[in-house]
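Worksheet for the structure shown next.
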């Protein structure tokens, strides 16, 4: 399996531009791997209701 390399800023932008589940599917990895990378690189994650609020423009 090929390694996917993100800088801290790239990971931040990716995590805040779409849900982690969609991001994981796009890069063919598990969502917990993305979460682990965020913890390692100290990237804040959106709260669980963030994407629902974005969807409904709140």
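FYI, it's all coordinate maths here, none of it is from the lab. All of these numbers come straight from a predicted model, not from anything done at the bench. Because the Cβ atoms are built from the backbone with ideal geometry, glycine has one as well, and the counts that use them run over all protein chains shown.
Some notes on this structure:
- Filtered residues of segment 20-32 (kept if outside any helix (DSSP H, G or I) and surrounded by 15 or more Cβ atoms within 10 Å (Cβ to Cβ)): none
- Taking every residue in segment 29-44 that is in contact (Cβ under 8 Å) with a residue 24 or more places away in the chain and on the phi > 0 side of the Ramachandran plot and pairing it with any residue that is assigned to a helix (DSSP H, G or I) and exposed (fewer than 14 other Cβ atoms within 10 Å of the Cβ), at least 6 positions away or on another chain, the pairs with Cβ-Cβ distances below 9 Å are 42/8.
- In segment 33-58, of all residues being in contact with a helix residue (DSSP H, G or I) (Cβ under 8 Å, 6 or more places away or on another chain) and not in a loop (DSSP other than H, G, I, E, B), the one that is farthest from residue 5 (Cα to Cα) corresponds to 35.
- Residue match in segment 5-15 (condition: surrounded by fewer than 12 Cβ atoms within 10 Å (Cβ to Cβ) and part of a loop (DSSP other than H, G, I, E, B)): yes
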